Amino acid sequence: MKMKNEIALFDVCGTLYHSNTTYDFISFFLKRNARLRYYKYLILKSVLFKPFWKLSIIMKGNNHFNRRVFLSFLKNYNVNFVEKEADVFVKEILNLKINQVIHDELKLHLQKKHKIFLISASIDSVVGAIARNLKVDGFYATKLGITNGVYNGKLEFDMEGQKKAFFEKNFRNYQDNYVYFYSDNKEDINLLLQVNEPIVVCFEKDKKKYWNSHINSSSAKYILK
């Protein structure tokens, strides 16, 4: 009987790192390269603007409207330059926010020669830098629109809420493999239910009740911290 290949999928924000990597990177990038944009970004992210974002979501019927606005702060920047800055961000900032327990799990998969992929709603420049730093096999993330090597302020593809559909489309023979998936994100529930071994990263023990009520699987595992 043919042995199944083993694939380990890892969410990024809140799972591998104690960080919202997209927003933390934009803040890091703007502070280093565009102080005026940086201060505008801080104002829009402040508590004072929360009522505005809530109203905008209601009026536009788009739960991710504010996210699209924040991502537009990278508009007109050269893609290669942003990617180089993302490498610096990973080394100087994210490596101080590691969730060591999950990184140890990732290292075990590396030692066992499993295929490892990051799957995240964070932006591709950041997730790509993380993938290079961790030396994993690949990554799947939100893609920012690009025109002539420059970010155009639009989204080409948003991974948020799309992981299960993306997984089924791009891992067409996944049934022939044994798949692990590590995530702390409630939005990932559908993909967690799809894989052979869902691993829920739960930092608050009381949240385990939520996961238990939604993942009725004997193969489910929990990493508590």
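Each reported figure results from applying straightforward, stated rules to the coordinates on display, with no laboratory input. None of these values were measured; they are calculated from a predicted model. Reconstructed Cβ throughout: ideal geometry from the backbone, glycine too, with neighbour counts over all protein chains shown.
Counting beta carbons within 10 Å around each of 92, 83 and listing the fewest first gives the order 92, 83. Look at 101, 201, 79 and count the other Cβ atoms within 10 Å of each Cβ; fewest to most, that gives 101, 79, 201. The order of 187, 6, 204, going from fewest to most other C-beta atoms within 10 Å of their C-beta, is 204, 187, 6.
For the listed residue pairs 164/221; 113/221; 4/221; 135/207; 186/209, the alpha carbons are over 23 angstrom apart in 135/207.
Working from label points 7 Å from Cα in the Cα-to-Cβ sense, the residue 54 to residue 5 distance is 4.8 nm. Only Lys, Arg, Asp and Glu carry charge here, each on its Cβ (+1 for the first two, -1 for the last two); on that basis region 5-224 has a dipole of about 740 debye about its Cα centre.
Its alpha carbons give region 59-183 an Rg and a Dmax of 16.0, 50 Å. Legend: Rg and Dmax of region 131-180, from Cα coordinates, 14.0, 40 Å. Note on residue 154/residue 78: beta-carbon distance plugged into 1/(1 + (r/R0)^6) with R0 of 22 Å gives a FRET efficiency of 0.85.
Here region 69-225 carries DSSP beta bridges of which approximately 30% are antiparallel, counting only pairs with both residues inside. Taking only the Cα atoms of the chain, the ratio Rg/Rh comes out at 0.98, with Rh defined as the Kirkwood radius.
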